[in-house]
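The next block holds one structure in the form of structure tokens; read it before the comments.
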Ligand code: 6R9
């Protein structure tokens, strides 16, 4: 094999679900006869009405339609809870580890059942039923999982908004899916600091300026005092005391929506990605089992937030469908100290640990000491997700965190894909640091050049997926045309991921990052257009262009070129003001790292901003700007280079 290879260790193969030969055989079967393959694996979940049809999908322009198991009915909460009660009612379903290391608790499957039924009854009493949207704006507490599963139980559709988003962002997402009910907490707690969740909800509802939101359900987390509007707001504990802990799970069609999750694209407002019931759960549970080589009795920990897709598929739905013990962590990697992750691993004897490269890189900065003072003997598999993991961070994860004993799974996927698409399998795949390696069962990656020509063998190009898999998103909420336009029009007949990749001679994929105007900051997706429109909304700003640039810890940082209105002075005070502005407008994850005041931006004669040039300058690599002769005013480039903010 080509390049640095770490062979599958004998210990990883022992008792693993698949070895290399089995992977190849199953993969082959999955792509040659998807109906047979998924017909068999579709039965890994329980169906109320068994399906007779398996795959009914088309990527054809104008007729994009994705249906899996369409004549079956089931319920996600039933699969994640009820079906386990007979065999594992007393097993821990969720280990909750609080922000404060002295706070943790275990919730058994039986307790989970009671809690979810209660939450479902509270929702039902407020008129929530099949197909209704419910917005969740929650901290990482068990009630977040209860709320998700309660919606699923009723056939309602949850739309989670990450707790770090601003009231404005929350408002547009509540509006986008017209939720009449919002579930939140008084305050969140992260790294010892309080996050004013309920106050943000109040602010968001005020901005909506309508009576769309009829009910706000408030979980008491910190007990901090918050405003409660009579008739609209209710404390969850008070409402829960009025209902029973029994609530039937509603049988819904396989294609009934399970959730909407807003995600950033290269243009316009964030899109409401729609995932449905049957195919999603089959895919989330199957990937959770095989990718992490999940085994009965394992303690599994994914450090994501439920506000992101990783939290949906790999904290809640995949693990619980498999009857696993899933750990939910309220805090951050650096509180109270940079040993926190590893202390939690030791405290709860975690076997499988799944985190993001940005967390690994930030902990790397603190050296080996904080890691090595912990045991970590329970660990067996280490996962990575969210952005490309650079080989140095990979090696540190492998050598220092995993003591060269644990396998690493670098899992490539997207909000849109519902579950992991390209990844090693611990017992099967020889590893290469920095490569997401090979496709999961049923996934047909295709590399294309800019013209859409399919490339063969070792190559570099744009990553497409040639055919559907059960976890794929079904539509953009309320805008199927945008769904087709965004994902199926660039290369007709294929799903275009927006990512660039290299495929090596061994058929391994190396994801190089987004090729569109989406940047990835600490694993969080951000459309440059969103940050730009926030900046230009500031009264002193005339024009703005935002690009990503390489950042040691965050992967990419946000670099903003800002042209001010005539007569305005660009100084550090205004830089601060603009950063605060964007934080308030979108949320802290969108804060620009560097702002360059620019008298002009490089534009073509037709007025298009040449981002290629802005990216190069932001990378501090202006030796090779390429052809600038088509610029309307070539001189602006010199000024931009002169005043660049990112200098080696
Ligand atoms: C699950 C998730 C999706 C984008 C995706 C890609 C990047 C995610 C990656 C990775 C390289 C990996 N990405 N995992 N790049 N290697 N293992 O992160 O979803 O928030 O929608 O982001 O993240 O660029 O297109 P989402």
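The values are calculated or read from the model by the stated rules, or taken from the named source; none is laboratory data. Every value quoted in this text rests on a predicted model; they were computed, and no experiment measured them. Note: ideal-geometry Cβ built from the backbone for every residue, glycine included; neighbour counts use all protein chains shown.
If the condition is being out of contact with any strand residue (DSSP E or B) (no Cβ under 7 Å at 6 or more places or on another chain) and touching a residue at least 60 places away in the same chain (Cβ under 8 Å), then region 75-102 contributes 77, 78, 79, 80, 81, 82, 84, 87, 88, 100, 101. Per the listing 540, 494, the residue uniquely in contact with a strand residue (DSSP E or B) (Cβ under 8 Å, 6 or more places away or on another chain), more than 16 Å from the ligand (Cβ to nearest atom) and over 23 Å from residue 646 (Cα atoms) is 540.
One residue is enough: does region 453-466 have a residue meeting the conditions touching a helix residue (DSSP H, G or I) at 6+ places or on another chain (Cβ under 6 Å) and crowded, with 19+ Cβ neighbours inside 10 Å? Looking through region 453-466, none of the residues is touching a helix residue (DSSP H, G or I) at 6+ places or on another chain (Cβ under 6 Å) and crowded, with 19+ Cβ neighbours inside 10 Å. So in region 500-509, with the set limited to residues that are surrounded by fewer than 20 Cβ atoms within 10 Å (Cβ to Cβ) and not in a loop (DSSP other than H, G, I, E, B), which one is nearest to the ligand (Cβ to nearest atom)? So the residue we want is 500. Checked against (1) away from the ligand (no atom under 16 Å from the Cβ); (2) not in a loop (DSSP other than H, G, I, E, B), residue 274 passes all but a single condition, namely (1).
Answer with yes or no whether residue 289 is under 20 Å from residue 486 (Cβ atoms) and surrounded by fewer than 24 Cβ atoms within 10 Å (Cβ to Cβ). Answer is no for this residue.
Contact annotation: residue pairs with Cβ atoms under 6 Å, 6 or more positions apart or on different chains, pairing a residue in region 508-521 that is more than 29 Å from residue 428 (Cβ to Cβ) with a partner that is within 7 Å of the ligand (Cβ to nearest atom) and part of a strand (DSSP E or B), are 516/498; 518/525. Within the set 342, 301, the sole residue that is touching a helix residue (DSSP H, G or I) at 6+ places or on another chain (Cβ under 9 Å), away from the ligand (no atom under 15 Å from the Cβ) and in a helix (DSSP H, G or I) turns out to be 342.
Test residue 525 against the criterion of being more than 9 Å from the ligand (Cβ to nearest atom), part of a strand (DSSP E or B) and within 30 Å of residue 58 (Cβ to Cβ), and give yes or no. Here the answer is no, as residue 525 does not meet what is asked.
Each residue in region 387-407 was checked for being touching a residue at least 60 places away in the same chain (Cβ under 8 Å) and outside any helix (DSSP H, G or I), and 4 pass.
Once region 9-43 is narrowed to residues that are in a loop (DSSP other than H, G, I, E, B) and out of contact with any helix residue (DSSP H, G or I) (no Cβ under 7 Å at 6 or more places or on another chain), the residue that is surrounded by the most Cβ atoms within 10 Å (Cβ to Cβ) is 16. Taking the listed residues 434, 457, 442, 461, the one that is out of contact with any strand residue (DSSP E or B) (no Cβ under 6 Å at 6 or more places or on another chain) and within 16 Å of the ligand (Cβ to nearest atom) is 434, with no other qualifying.
Residues that are near the ligand (Cβ under 9 Å from one of its atoms) and touching a helix residue (DSSP H, G or I) at 6+ places or on another chain (Cβ under 9 Å) are absent from region 390-406.
Count of region 69-111 residues, restricted to those that are assigned to a loop (DSSP other than H, G, I, E, B) and crowded, with 19+ Cβ neighbours inside 10 Å, is 5. Quick check on residue 555: is it over 22 Å from residue 610 (Cα atoms) and touching a helix residue (DSSP H, G or I) at 6+ places or on another chain (Cβ under 7 Å)? Yes; evaluated as a whole, the condition is true for this residue.
Of the residues screened, residue 603 is not one that is in contact (Cβ under 8 Å) with a residue 24 or more places away in the chain, in contact with a helix residue (DSSP H, G or I) (Cβ under 9 Å, 6 or more places away or on another chain) and surrounded by 20 or more Cβ atoms within 10 Å (Cβ to Cβ).
In region 467-485 there is no residue that is on the phi > 0 side of the Ramachandran plot, at pLDDT 95 or above and either buried (at least 23 other Cβ atoms within 10 Å of the Cβ) or within 14 Å of the ligand (Cβ to nearest atom) (or both).
Assessment of region 409-428 against the conditions (surrounded by fewer than 22 Cβ atoms within 10 Å (Cβ to Cβ), within 13 Å of the ligand (Cβ to nearest atom) and either over 23 Å from residue 463 (Cα atoms) or modelled with pLDDT of 95 or more (or both)) yields at least one matching residue. Residues that are surrounded by fewer than 23 Cβ atoms within 10 Å (Cβ to Cβ) and within 16 Å of the ligand (Cβ to nearest atom) within region 355-380 comprise 359, 361, listed in sequence order.
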